[in-house]
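The values are calculated or read from the model by the stated rules, or taken from the named source; none is laboratory data. Treat the numbers as computed from the prediction; the structure is a model and nothing was measured. Heads up, the Cβs are rebuilt from the backbone with ideal geometry, glycines too, and the neighbour counts pull from every protein chain shown. Please note that ligands, DNA and RNA were not included when accessible areas were found on the heavy atoms of the full protein model with its side chains. Shrake-Rupley method; radii C 1.70, N 1.55, O 1.52, S 1.80 Å.
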Amino acid sequence: MSEDVRRGDGSPNSAPYSFGGEWTPSDFEIQRRADRKKKVRKNAFIAAFSSIFVLGTLMTIIVTSPGWKVLSATFFDWSYGFTILPKILVGFFESNVILTLIASASVAVIGLTLALIRTSRSPALTPFRILATIYVDMFRGIPMLLIILLVGFGIPALQLKGVTNNVFILGIIAVIITYSAYVAEVIRSGILTVHPSQRAAARSLGLSNFQTLRYVVLPQALRRVTPPLLNDLVALIKDTGLVSILGVTDAIRAAQIEASRTFNYTPYVIAACIFLLVTIPLTRYTDRTLRRSIERQNAQGQA
Amino acid sequence: MSMPVLEVKEVRKAFGSEVVLEDISITVPEHTATVLIGASGSGKSTLLRCINLLELVDDGIIKLDGQEITSVDTDPDVVRRKLGMVFQSFNLFPHMKVLENIILAPMRVHGMSRDEATEKALELLNRFGLSEKADQYPDRLSGGQQQRVAIIRSLAVAPRLLLLDEVTSALDPVLVNEVLSTVRELKDHGMTMVLATHEMGFARQVADEVCFLEKGRILEWGTPEKMLENPTNPRTKDFLQRVHEAGRL
């Protein structure tokens, strides 16, 4: 029998692939598919029922609570919220967004430099290695709010000529100082997870220490730490709000000004929603890169 | 007689209090292959890593082309430019395509232009029947193909001496052969090499000299015929007997 005869009579039940023979699912398989469908439907029903029950109960408890009327009037006054939305948006874009952009770029450079210094073995860099370690230990260990206060009020107090007392710039500096320490540690951990055999292979090809780092170690390390770095970016966006303590009119500060004028807290809720609008897509994206990097590593493990 | 490519004289290496190599001396003339055999942990890999300066010797001298490479003033990068090394675990760079793996050292270490390096790399891939894999990432290749790419990568810089560290140990038996025939072809083309292996049949085919290591010492050495068929040292006999029982002879 030739291939052609065996393959194509185009019967409606033919499988989407062909090994040269015709295949129709057995009665047993057809029954199994029906059973599987039934099971899926049942699971969907259970999930829907339990969600409605739990979420419904929670909603009922909240809405029927004695203070709900007052709370919804002071926190969820949407028409008032809409009128002050532009003010908060201006604060968000002029402060939080710009702060995030400047800080994340600087943090990437400084963090990478610190990580490279800490992982280097060159004897000439020993003093820098010690300094970098002290730096990271200190600024990872002090709450960022304190750094912002110390930088924001401490540096102007020195009354040095030519040193700024612009709270916005001082706020950015404080954020950069703290996050560089975090990011340096994340990148360093990435560098350390690249297997020594990769370094050995590169060195035995004649690549110098620096070339090994540049072409072999860093590309792999950075790829691995992309998800945690994105996590840090989300945290950075939120933490830019802390500079409001210095008097920078960011989204939080703008909301606070409004709220203390009208004794209505809807501006805070609005500000929270604006932050969520940016951070939720970013966290979803982070999850996706994390999943992909795990898949990639698993694929390598099988090779 | 011309100068040997590699001379190892009375080399000793210890990790802490554990002596891994003791009084090791071997000479590898040009176009010959020296095969190191011995159980795992006998010091074969350490010896190769010492030759490559990935480990520093504690005593003794290693000379490459008559020049001492174990002196303090030696620049390891200069020495490694003359050596190729292939590892048991391939160690291809997973973030680079096959071609990029091969042209990295010629471009960055030997200053070749990208076009020239690519041309040479494709030539090598073609010679070993891997040209259609040039644009793939290593994890898409079988173990045997990965190891052959690793061999090509080490060849791309035209080394004086090739060090092969149990290059088939991580492969399943079906894939071992394609790697071994690649090594055999290199030998036929006159490549000088030192290999550590557990494949005794292969050792017999490519070796000019076989050294048996146990607990960091060379207990016996000689031609493959003598070593594999009529060893005099009872320890060698014992080792070969065990290898035979494991079905590798």
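Here A:Lys39 is the anchor, and the aspartates and glutamates within straight C-alpha reach of less than 18 Å, apart from those fewer than 8 places off in the same chain, are A:Glu29. Calculated on the Cα set of region B:94-158, radius of gyration then Dmax: 10.6, 31 Å. Taken residue by residue and averaged, Cβ atoms of other chains lying within 10 Å of the Cβ of B:92-98 number 5. In units of the rule-of-thumb radius 2.2 N^0.38 Å, the protein assembly as shown shows an alpha carbon radius of gyration of 1.37.
Extension gain, A:Thr262-A:Val40: 0.36 nm per intervening residue step, less the Cα-Cα distance, totals 74.7 nm.
Listed cross-link partners B:Lys187/B:Lys237; A:Lys161/A:Lys238; B:Lys13/B:Lys44; B:Lys44/B:Lys97; B:Lys13/B:Lys215 are compared with a 21 Å cut-off, the Cα-Cα value being larger for B:Lys187/B:Lys237; A:Lys161/A:Lys238; B:Lys44/B:Lys97. Filter the DSSP H helices in chain A by two things, a Kyte-Doolittle mean of at least 1.6 and an axial alpha-carbon span of 20 angstrom or more, and list the hits by number. Long hydrophobic helices here: A:98-119, A:167-193.
Note: relative contact order over chain B, using C-alpha pairs below 8 Å and six or more positions apart, is 27 percent.
Between A:Leu89 and A:Ile62, the simple label model (points 7 Å from Cα in the Cβ direction) yields a spacing of 2.5 nm.
Sort largest first and round to whole Å: the equivalent ellipsoid semi-axes of chain A, each the square root of five times a Cα gyration tensor eigenvalue. Before the final figure, lay out the partial values.
Working: eigenvalues 482, 309, 46 Å².
The equivalent ellipsoid of chain A has semi-axes of 49, 39, 15 Å.
Between B:Val78 and B:Arg235, the FRET efficiency estimated from the beta carbon spacing at R0 = 35 angstrom works out to 0.35.
Counting only other chain Cβ atoms within 10 Å of each residue's Cβ, the peptide B:100-113 averages 3. Relative to the longest principal axis of the Cα atoms of chain B, helix B:98-108 runs at roughly 80 degrees. By how many degrees, 0 to 90 and rounded to 10, does the Cα axis of helix B:143-155 deviate from the longest principal axis of chain B? For B:143-155 against chain B, the angle is about 90 degrees. Peptide B:83-91 has a mean shielding of 4, counted as Cβ atoms of other protein chains within 10 Å of each residue's Cβ. Residues within the reach of a label modelled at A:Leu150 (point 7 angstrom out along Cα to beta-carbon, backbone nitrogen below 17 Å), restricted to region A:226-262, are A:243, A:246.
Toward the positive end of the charge dipole of region A:87-294, with +1 on the Cβ of Lys and Arg and -1 on the Cβ of Asp and Glu, the farthest Cα among A:Thr240, A:Gly162, A:Leu222 is that of A:Leu222. Remark: spin-label model distance A:Arg33-A:Phe49 equals 2.8 nm, labels positioned 7 Å along the Cα→Cβ axis. In the context of the full protein assembly, A:Trp78 retains an accessible surface of approximately 140 Å², using a probe radius of 1.4 Å and ignoring ligands and nucleic acids. Rolled with a 1.4 Å probe across the full set of protein chains, the surface gives A:Arg261 an accessible area near 150 Å². Does anyone have the angle between helix B:114-127 and the longest principal axis of chain B? Alpha-carbon axes, 0 to 90°, nearest 10? The answer is roughly 60 degrees.
Of the peptides A:165-172, B:13-20, B:173-180, the ranking by mean beta-carbon count within 10 Å, highest at the top, reads A:165-172, B:173-180, B:13-20.
Normalised by the number of residues in chain A, the average gap of Cα pairs under 8 Å and 6 or more apart makes the relative contact order 24 percent.
Fully extending the segment from B:His244 to B:Gln136 would add 35.0 nm, taking 0.36 nm per residue of separation and subtracting the current Cα-Cα distance. A compact globular protein would have a Cα radius of gyration near 2.2 N^0.38 Å; the ratio found for region B:35-75 is 1.26.
Round to a whole number: what % of the accessible area of chain A belongs to carbon and sulfur, probe 1.4 Å? Spell out each step's value before the answer.
Numbers: 12450 of 18540 Å².
Whole-percent figure for carbon plus sulfur exposure: 67.
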